[in-house]
Amino acid sequence: MAEVSAGPLLIALTFDAEADVFDRSFGGEAPARPGWRGIEEGIPIIDDVLRAYSDSSGSRVRATWFVRCDRQLAALFGNENHLLEEYRGCWRQRIDRGDEIGFHPHLYRLEDGQWRQETDATALREQTASALEAMRGAGFEAQSSRIGEAFGSNEVMAALDELGIRCDSTAMPGRVRRDAQRQLDWGSTTPQPYHPSVADYREPGDSELRLLEVPMSMIETRTDYDRQPLMRYADLSFHHHAMRDGLCAFLRDAPLLVTVTHPSTVLPGIARERLGLLSFDAGEVRRNLDFVLAECERLGRAHRFITIGECAGLFATNHVA
């Protein structure tokens, strides 16, 4: 596992370009035909928010955008790279200003009319390779990946490594869930970037992949309905009061903050009712970012915005460059 010395807080702001209703907690079933207001309306709003920020050197925010590309999109729209093609101008604009476009497949199988998590080793490898080929075929060369719904396996990690992905940011350290909706296991995973073991994707080991796993930052959160605080990934669109204390504790000594936000969660009206965690309010994104930077100032820590792909160089040695 890579070790880091004290230094600036590295901040990787990441956004998952998903369908507007990407979770059942929004209320009701997801529509048969997904909507993309998050891309069409949410991303311009996020642009306006991020434009107001810079790091300690005065450099503007650079973000990582994980864009879906997979067989479910092919079933719905005719090709796996539909979002990359349909919104090509949006992604090219981001590349031109220094952002990163990442690979984001959901690895599903269609079973009894329902899309379910694929778990077969051969199918996982084939789907991963097919989706990345489609992304490259659309003219986008990804350095980084995030597997949909935080699914991980030895086969997927090995496939990403073989296909030339330098960094993956799927891990949710400490989180285990196995039910009809999710199949994920990151129970033994470290919060710090590491090269996954060939034998166990969740941990470093004697025989490691070249790929660097860059876990999402897990922080303590508490909503109005939580009986006790819960560890969740740091999402800029969470209600500030639900994550303030967790952010405060995390920022004291963490070398890297990796946030995860879906563009639709800055738009009012996506969920059918008010949710205790997701705000659907760009104002909360500002409040959370303001808090992060204010804490850095209070703690005397410089801060630097990076993309996920940059982590391959920053964490390749025993110190942060």
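A compact table of results
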{"quantity": "Selection count where residues are surrounded by fewer than 16 Cβ atoms within 10 Å (Cβ to Cβ) and under 16 Å from the mean Cα position of the chain (by Cα), scope the range 148-173", "calculated": "0"}
{"quantity": "Residue match in the range 234-248 (condition: closer than 16 Å to Gly174 by Cα and assigned to a loop (DSSP other than H, G, I, E, B))", "calculated": "yes"}
{"quantity": "The range 93-147, residues that are surrounded by 19 or more Cβ atoms within 10 Å (Cβ to Cβ), assigned to a helix (DSSP H, G or I) and touching a Leu at 6+ places or on another chain (Cβ under 7 Å)", "calculated": "Leu124, Gln127, Thr128, Leu132, Met135"}
{"quantity": "Lone qualifier among Ser56, Ser5 - being at pLDDT 95 or above and of a type outside the set (Lys, Arg)", "calculated": "Ser56"}
{"quantity": "Some residue of the range 177-186 being assigned to a strand (DSSP E or B) and more than 20 Å from Gly148 (Cα to Cα)", "calculated": "no"}
{"quantity": "Out of Ala302, Ala316, Ala321, sole residue that is modelled with pLDDT under 95 and under 19 Å from Ser59 (Cβ atoms)", "calculated": "Ala321"}
{"quantity": "Qualifying residue in the range 235-247 (condition: modelled with pLDDT under 95, of a type in the set (D, E, K, R) and surrounded by fewer than 22 Cβ atoms within 10 Å (Cβ to Cβ))", "calculated": "no"}
{"quantity": "Condition check for Ala171: more than 30 Å from Leu293 (Cα to Cα), outside any strand (DSSP E or B) and not polar (S, T, N, Q)", "calculated": "no"}
{"quantity": "Any hit, the range 58-79, residues being of a type in the set (Val, Ile, Thr), part of a helix (DSSP H, G or I) and either touching a residue at least 40 places away in the same chain (Cβ under 8 Å) or over 24 Å from Asp179 (Cβ atoms) (or both)", "calculated": "no"}
{"quantity": "Hey, Ala121 in contact with a helix residue (DSSP H, G or I) (Cβ under 7 Å, 6 or more places away or on another chain) and farther than 26 Å from Ile101 by Cα or not", "calculated": "yes"}
{"quantity": "Residue in the range 220-227 that is in a helix (DSSP H, G or I) and more than 28 Å from Ala19 (Cα to Cα) present", "calculated": "no"}
{"quantity": "Glu80 at pLDDT 95 or above, acidic (Asp, Glu) and buried (at least 22 other Cβ atoms within 10 Å of the Cβ)", "calculated": "yes"}
{"quantity": "Hey, Val285 touching a helix residue (DSSP H, G or I) at 6+ places or on another chain (Cβ under 9 Å), assigned to a strand (DSSP E or B) and either surrounded by 15 or more Cβ atoms within 10 Å (Cβ to Cβ) or modelled with pLDDT under 95 (or both) or not", "calculated": "no"}
{"quantity": "Any hit, the range 224-231, residues being surrounded by 20 or more Cβ atoms within 10 Å (Cβ to Cβ) and under 21 Å from the mean Cα position of the chain (by Cα)", "calculated": "no"}
{"quantity": "Pairs with Cβ under 6 Å, 6+ apart, first in the range 116-127 and more than 24 Å from Phe22 (Cα to Cα), second surrounded by fewer than 19 Cβ atoms within 10 Å (Cβ to Cβ) and of a type in the set (A, V, I, L, M)", "calculated": "none"}
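The values are calculated or read from the model by the stated rules, or taken from the named source; none is laboratory data. Here the structure is a predicted model, which is why all the values come from computation and not from measurement. A quick note on method: Cβ atoms are made from the backbone with ideal geometry, for glycine too, and the neighbour counts reach across all protein chains shown.
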